[in-house]
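K.L.:
Dropping the structure in here first, questions after.
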Amino acid sequence: MSEEFSEFGELLPEINAINSPYWDGLGEGEVRLQHCKGCGVNQYPAESFCYECGSTDLEWRKVDGGGEVYSFIVVHQPYHAAFKSFLPYTVAIVQMDDGPRMLAAMLNLDAPINIGDRVQPHIQAINNERSVLMYEPTG
Amino acid sequence: MMKDLKQRYCIVGVGHTAYGKNPGVSQIAHNVLAIRAALDDASLTTDDVDGVLTKAPSSTFPMLWAPKIAEALRIQPQVVGTLDQAGASNIGLIQYAISAIELGQASVVAISYGDNPRTGSRASYARARGGDGAVAGLFGAPSSYAMAARRRMYEYGTTKEQLAYVAMTHRHHASMNDNAIFRDPFTIDEYLDSRWVAEPFNLLDCCPVSDGGAAYIITTEERAKELTKTPVFIDGIGQNHPSWEFFRRKDMAASGAAVSGKMAFESAGIKPDDVDFCEIYDCFTIVPIITLEEYGIVERGKGGEFYQEGHTRIGGKLPCNTSGGLLSETGMPGTQLVVEAVRQLRGECGDRQVDNPETGLVSQQGGILTTHATMILSNKGA
């Protein structure tokens with residue numbers, strides 16, 4: 001946790017009955033995804049049904065979370081105060097090995113990234129309660 | 001097939017407000033002024049209108065929007081509705097108007113879009129995307145389209161320089177359009193020197209946020225014969241909506257254009273080669289490249305080159321965005337592209353007039369490559 005993330009709090013989605021295992025997982029330092037016992041896919045975001053097959057038989061599983069960069073941008077426009085100190089910053093779409101594509105910030109990079117680069121989860125504490133999934137180059 | 005309908009349908013009037021900054025002009029007023037201008041253009045009055053269809057404003061999402069606009073025109077229509085396909089709505093509404101007239105439920109339908117995000121509220125334009133995208137730092141449409149552009153460039157070899165040619169070509173056309181917000185041509189160096197918004201997009205890859213209203217009047221060929229202006233026939237319409245959050249679907253860097261275009265060409269009974277000019281939804285420079293490629297007008301990966309080689313300039317093989325498009329004429333979500341296509345087919349465009357066009361294509365797109373619609377227009381009578 002650090003002062004530089006003090007304004008991220010208001011960007012966080014509210015925790016509810018559906019998504020709480022995901023956020024609880026990040027709080028405990030791991031990435032968890034919903035797994036469909038009907039068709040076997042992992043999905044994000046969480047729902048009460050499987051987007052692929054419609055099954056409501058879902059369970060939460062811990063996943064590795066690693067993957068590769070599917071696309072990315074480098075944001076220069078100061079859209080929100082929370083990101084101001086990181087400008088310009090990278091946002092990546094990560095194709096997770098475990099299934100879904102995730103949208104995540106990649107902050108404080110030492111070198112530019114490219115599509116296809118291997119990346120790993122970087123779970124960033126925002127405050128005493130919440131952590132978010134960011135990514136960093138696998139190294 | 002459109003020709004299997006009982007009758008042919010036409011656009012008989014087009015109109016619009018000033019584009020850019022219109023302080024003191026409400027969202028309702030932008031719609032009313034545009035519809036009244038379109039009725040004047042058609043030599044019709046509000047008494048002739050029995051259908052009012054609108055796209056919801058992008059900056060806010062009011063309820064009962066079309067009835068409010070009808071009220072402000074003092075019309076009590078038989079058919080009324082607001083469609084939510086974002087930027088693709090303006091063609092979707094025409095399809096709905098044709099259905100209503102074909103079913104005998106209306107005879108003259110006014111379609112409009114009007115909004116004041118430039119001088120009113122523009123907060124919705126900078127909102128976060130992708131569910132919990134805010135915490136990932138993904139705000140605003142440019143960021144999401146830049147993601148798609150990066151992937152498209154990776155998959156098909158489209159270059160940054162080719163994106164510049166889209167922006168420069170549309171600006172060149174806008175330089176001949178007194179209605180356009182941006183009319184000064186720029187060089188590739190000036191393009192590259194414009195500030196970064198979200199790499200790979202500079203400012204000049206992005207359309208502006210603009211106030212404005214535009215409208216058109218739809219009726220039958222039979223009714224059009226009584227009117228003064230050359231009718232513009234609606235020969236084909238297609239739609240396709242990839243719908244999912246753009247980064248979660250299989251092919252992130254494609255739009256609904258491939259399916260929508262095929263539907264439109266088939267319903268018009270023409271081939272892509274038969275099109276004389278295009279008015280393509282160009283909210284960002286990558287979009288016309290994707291659209292031309294997905295329509296099969298050029299091969300995948302060749303859209304950027306097509307721009308770079310000048311084929312889309314007026315006088316080229318296939319002039320595109322003859323008014324300057326969203327990038328240079330006005331950043332409104334697409335209604336104005338239909339207005340320009342109609343004017344081209346009537347031969348009203350002065351210095352930027354395409355040489356004797358018979359068939360024009362209009363594309364529209366909404367969300368982040370979320371919705372797509374295509375329309376084929378012609379000036380060929382029976």
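The values are calculated or read from the model by the stated rules, or taken from the named source; none is laboratory data. None of the values given here were measured: they were computed from a predicted structure. Note that each Cβ is placed from the backbone with ideal geometry, even for glycine, and that neighbours are counted across all protein chains shown.
K.L.:
Identify the single condition in (1) buried (at least 20 other Cβ atoms within 10 Å of the Cβ); (2) part of a helix (DSSP H, G or I); (3) at pLDDT 95 or above that B:N90 does not satisfy, given that it satisfies every other one.
P.N.:
Result: B:N90 passes all but (3).
K.L.:
Okay, moving on. State all residues of segment B:164-211 that are over 23 Å from B:L318 (Cα atoms), without any contact (Cβ under 8 Å) to a residue 60 or more places away in the chain and of a type in the set (V, I, T); if no residue qualifies, say none.
P.N.:
Correct list: B:V197 only.
K.L.:
Still on this structure: Can you name every residue in segment A:7-49 that is more than 14 Å from chain B (Cβ to nearest Cβ) and in a loop (DSSP other than H, G, I, E, B)?
P.N.:
Across segment A:7-49, the qualifying residues are A:A17, A:E28, A:G29, A:E30, A:K37, A:G38, A:C39, A:G40, A:S48, A:F49.
K.L.:
Going by the structure shown, is B:E293 part of a loop (DSSP other than H, G, I, E, B), touching a Gly at 6+ places or on another chain (Cβ under 7 Å), of a type outside the set (G, A, S) and closer than 20 Å to B:A149 by Cβ?
P.N.:
On the way: part of a loop (DSSP other than H, G, I, E, B): no; touching a Gly at 6+ places or on another chain (Cβ under 7 Å): yes; of a type outside the set (G, A, S): yes; closer than 20 Å to B:A149 by Cβ: yes.
Considered against the rule, which asks whether it is part of a loop (DSSP other than H, G, I, E, B), touching a Gly at 6+ places or on another chain (Cβ under 7 Å), of a type outside the set (G, A, S) and closer than 20 Å to B:A149 by Cβ, B:E293 comes out as no.
K.L.:
Is it fair to say A:V91 is in contact with a helix residue (DSSP H, G or I) (Cβ under 6 Å, 6 or more places away or on another chain) and surrounded by 14 or more Cβ atoms within 10 Å (Cβ to Cβ)?
P.N.:
Values: in contact with a helix residue (DSSP H, G or I) (Cβ under 6 Å, 6 or more places away or on another chain): yes; surrounded by 14 or more Cβ atoms within 10 Å (Cβ to Cβ): yes.
Against the criterion (in contact with a helix residue (DSSP H, G or I) (Cβ under 6 Å, 6 or more places away or on another chain) and surrounded by 14 or more Cβ atoms within 10 Å (Cβ to Cβ)), A:V91 qualifies.
K.L.:
A follow-up question, please. Please note which helices (runs of 4 or more DSSP H) are completely contained in segment B:98-196 and include at least 3 residues that are under 30 Å from B:L39 (Cβ atoms).
P.N.:
On the way: elements: B:133-136, B:140-156, B:160-174, B:188-193.
Because the criterion is at least 3 residues that are under 30 Å from B:L39 (Cβ atoms), the helices (runs of 4 or more DSSP H) in segment B:98-196 that meet it are B:160-174.
K.L.:
Another question, if that's okay. Pull up segment B:172-201, narrow it to residues that are of a type in the set (G, A, S) and within 14 Å of another protein chain (Cβ to nearest Cβ), then point me to the one that is farthest from B:M147 (Cα to Cα). Walk me through it before giving the result.
P.N.:
Restricting attention to segment B:172-201, the residues satisfying the condition of being of a type in the set (G, A, S) are B:174-175, B:180, B:194, B:198.
So of that shortlist, the ones also within 14 Å of another protein chain (Cβ to nearest Cβ) come out as B:194, B:198.
Values: B:S194: 19, B:A198: 9 Å.
The selected residue is B:S194.
K.L.:
Only residues that are under 12 Å from A:I115 (Cα atoms), of a type outside the set (F, W, Y) and more than 24 Å from the chain's Cα centre (by Cα): list them for segment B:152-162, please. First the steps, then the outcome.
P.N.:
Taking segment B:152-162 and keeping what is under 12 Å from A:I115 (Cα atoms), we get B:152-155.
Then drop every residue that is not of a type outside the set (F, W, Y), which leaves B:152-153, B:155.
Result: B:E155, single match.
K.L.:
Just one of A:G99, A:G67, A:G139, A:G54 is of a type outside the set (A, V, I, L, M, F, W, C), surrounded by 20 or more Cβ atoms within 10 Å (Cβ to Cβ) and more than 10 Å from chain B (Cβ to nearest Cβ); which is it? If you could, list the steps in order and put the result at the bottom.
P.N.:
Numbers: A:G99 fails: surrounded by 20 or more Cβ atoms within 10 Å (Cβ to Cβ); A:G139 fails: surrounded by 20 or more Cβ atoms within 10 Å (Cβ to Cβ); A:G54 fails: surrounded by 20 or more Cβ atoms within 10 Å (Cβ to Cβ).
After ruling out the rest, the residue left standing is A:G67.
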